[in-house]
Amino acid sequence: MANKLQGAIVSCHSRTRQLSIDEKGRAISAVLTTHQEPFKTKVPELTISHVPPPTPSIKNKDFIIPSTTSGKFGRFGGKFVPETLVASLTQLEAEFKNALRDHAFQAELAEALRDYAGRETPLYHAKRLSEYYKSVNNGKGPDIYLKREDLNHSGSHKMNNALAQAMIAKRMGCKSVVTATGSGQHGLATAAACAKLALDCTVFMADKDIHRQYSNVRLIKLLGAQVEAVDGGFTDAASEAFRYWVGDLENRYHLSGSAVGPHPCPTMVREFQSVIGKETRMQALEKWGGKPDVLVASVGTGSNALGLFHEFIADKDVRFVGVEAGGLGLESGKHSSTLTTGEVGAYHGAISYLLQDQDGQIIHPHSIAAGMEYPGVGPELSFLKESGRAEFCVANDEEALDAYQRLCKLEGIFPSLEAAHALAILDKLVPTLCNGTKVVVNCSGRGDKDAAIVFNRGIYI
């Protein structure tokens, strides 16, 4: 299975068949390559620019994220794809940069985010949740706020990026959009954006995710999109979506919802999600006249975490805490804790941290949250880990379920199981914080989609 997945976007280690003369044929041939020998993804020597060993702390130092003009974040990122795809990605990068400079595009996007998506989303003071933690810590503890991305149209942060990229697809003259989804949140947001902009939409989704997130699947179909089932997991769905895009590069637009893949995809996703952090800065200033002290977000591939973190990267007094999916426990091997246990490798067109075995083969991830089941993570988060700017920890399935139930009971809010991982880490984080610390947790999605999973695990509210 690993060879099939790694063939989705071929790195410079790939052994490909003779490519045909036709451009589309060449691309498809490269993408569907079958490797005769085990494909090695452990490539720390494949460093294009050296990254010094991370320092334990960046306190009292100015933090500057490296230039992303080539899609490199230190030694992470890049564009490891067949030559025939370079032109399409270069064109996409050019359109992205033009859109950022185009005042008309920016005005249209701002209007759509406001009137269609429902931004800005509230920064909600979770008073009862805050009091709960204070009650178990001698009456002292942080003030906990939730960035309510669950109130975004379609129920998650995914709409921020899907709407912007669908507008770029329309701008490029594409007639249809193709994407892959795990939890269904990105698929739902993309289907809605395509319906709004009169674009055909095809969503690839793993069979097991269709089963556990079927409420989202029905909504995706109701919005007029076609859902294609794929054997395996989200990684397989992502690979099939990429193959489908390669089949008609002129008319199809590949809309990435995750901050992974070849440049410029991770940068685009992060840029369009950065509205989360920008709003948080303004709202914090209005509510308490300062900045957050701690930002907390779940980490699957990194889109919601980067959306919250990026605005504050230069604010060295703002702490970043990313929470990965611990699944059944790190010792079980059934988890999605890439930054906690992974090693550097090349996958799906870029260099980042990966879950891989001693032979460099991809280890299949596990999480109760479908949106966190991916064996890699974005290059920018990989850089933030290695540089020491962000810290990453783990919440397992049971801890996420407990956090889901707790927020329901104390605040009347249904968080997605992805967001519940971020909430779960508060059990361990809160006792380490000073009284009155301002903590912002990104409630990245709503959890009615996960209610059946919660009930099936014997949790009743």
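Between LYS316 and ARG171, the modelled labels are 3.6 nm apart [label points 7 Å from Cα along Cα→Cβ].
The convex hull drawn around the Cα atoms of the range 382-455, when projected onto a plane and averaged over every direction, covers 6.0 nm². Computed with a 1.4 Å probe over protein heavy atoms only, the accessible surface of the range 325-461 comes to 32 Å² per residue. Local charge for PRO431 was computed over the other residues whose Cβ lies under 14 Å away, with Lys and Arg +1 and Asp and Glu -1, and equals +2. Normalise the Debye intensity by I(0) for the range 72-143, one equal point scatterer per Cα, no solvent, then take log10 at q = 0.24 Å⁻¹ and round to two decimals. After summing over all Cα pairs, the log10 values are -1.03. Based on alpha-carbon atoms, the Kirkwood radius and the radius of gyration of the range 295-433 give Rg/Rh equal to 0.97.
Oblate is the label for the range 183-260, because the ratio a/c of its alpha-carbon gyration tensor axes (a ≥ b ≥ c) is 1.5 or higher and a/b is not greater than b/c.
The amide H of SER444, built 1.01 Å from its N in the peptide plane, has ALA419 as neighbours under 5 Å, considering only residues 5 or more places off or on other chains. Peptides 415-426, 382-393, 225-236 ordered by packing proxy, namely the average of other Cβ atoms within 10 Å per residue, highest first: 415-426, 382-393, 225-236. For the range 155-197, backbone nitrogen atoms closer than 12 Å to the point 7 Å from ASP102 Cα along Cα-to-C-beta are found at 165-174. Per-residue SASA remark: ARG114, around 130 Å² accessible (1.4 Å probe; ligands, DNA and RNA not included).
Report the percentage of all Cα-Cα pairs in the range 288-374 whose separation exceeds 15 Å, rounded to a whole percent. Looking at the range 288-374, the distances longer than 15 Å represent 62 percent of pairs. A Förster radius of 22 Å combined with the Cβ-Cβ distance from ASN138 to LEU410 puts the calculated FRET efficiency at roughly 0.70. Heavy atoms of the protein chains alone define the surface here; on that basis the range 206-262 has 41 Å² accessible area per residue at 1.4 Å probe size. From a point 7 Å beyond the Cα of HIS125 in the direction of its Cβ, which residues of the range 414-457 have a backbone N at a distance under 19 Å? Answer for the range 414-457: 434-443.
Cβ under 13 Å from VAL217's Cβ, VAL217 left aside: what net charge do those residues give with Lys, Arg +1 and Asp, Glu -1? For residues surrounding VAL217, the net value is +2. Counted over all Cα-Cα pairs of the range 105-254, pairs farther apart than 26 Å make up 36 percent. On the beta carbon distance between ALA195 and GLN358, with R0 = 45 Å, the FRET formula returns roughly 0.45.
For the range 344-409, what is the convex hull (Cα atoms) projected area averaged across all directions, in square nanometres?
Mean shadow area of the hull around the Cα atoms is 5.7 nm².
The values are calculated or read from the model by the stated rules, or taken from the named source; none is laboratory data. On a predicted model such as this, the values are computed, not experimentally measured, just so you know. As a convention, Cβ positions derive from the backbone with ideal geometry for all residues, glycine included, and neighbour counts pool all protein chains shown. Just the protein is used for accessible areas: all its heavy atoms, side chains included, with ligands, DNA and RNA removed. Shrake-Rupley method; radii C 1.70, N 1.55, O 1.52, S 1.80 Å.
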